[in-house]
Amino acid sequence: MVLLIKQITMKKKIAFALIMGIITTGIISFSLISINIGFKDNFFKIWAKSWAMAYIIVIPAILIIGPSIQRIIDRKIK
């Protein structure tokens, strides 16, 4: 039973990381590219490439760094 709960918790954390990664990298990459180059003809091609690269970088970072940050927050805020 405990193992099942841990598996469900891990699945929730992974799902959260994947969804948050999509949303945050999409917003940030869209904002920065629109500010830096404006809405040119190839904007969406550049944005899609940047979004994909950012997503590939962010997901492992969330999954690797996230637990450490959560432990620090748990210790600091009680």
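Screening segment 12-23 for residues that are at pLDDT 85 or above and not hydrophobic (A, V, I, L, M, F, W, C) and picking the one that is least open to solvent (accessible area, probe 1.4 Å) gives G21.
Considering only residues in segment 24-78 that are among the charged types (D, E, K, R) and open to solvent by 100 Å² or more (accessible area, probe 1.4 Å), the one that is nearest to T9 (Cα to Cα) turns out to be R71. In segment 45-70, the residues that are under 10 Å from T25 (Cβ atoms) form Cβ pairs under 8 Å with partners that are of a type in the set (S, T, Y) and at pLDDT 90 or above, at six or more places apart or across chains, as follows: S50/S29; W51/T25; W51/S29; A54/T25; A54/S29; Y55/T25; V58/T24; V58/T25.
For segment 26-44, filtering for residues that are in contact with a helix residue (DSSP H, G or I) (Cβ under 6 Å, 6 or more places away or on another chain) and either touching a residue at least 60 places away in the same chain (Cβ under 8 Å) or not in a helix (DSSP H, G or I) (or both) leaves 0.
Pairing each residue of segment 1-25 that is on the phi > 0 side of the Ramachandran plot and free of Cβ contacts under 8 Å to residues at least 40 places away in the same chain with any residue that is outside any helix (DSSP H, G or I) and open to solvent by 70 Å² or more (accessible area, probe 1.4 Å), provided the two are 6+ apart or on different chains, yields no C-beta distance under 9 Å.
The values are calculated or read from the model by the stated rules, or taken from the named source; none is laboratory data. These figures come from a predicted structure and were not determined experimentally. All Cβ positions, even for glycine, are placed from backbone atoms using ideal geometry, and neighbour counts span all protein chains on display. Ligands, DNA and RNA are excluded from the accessible area calculation, which covers all protein heavy atoms including side chains. Shrake-Rupley method; radii C 1.70, N 1.55, O 1.52, S 1.80 Å.
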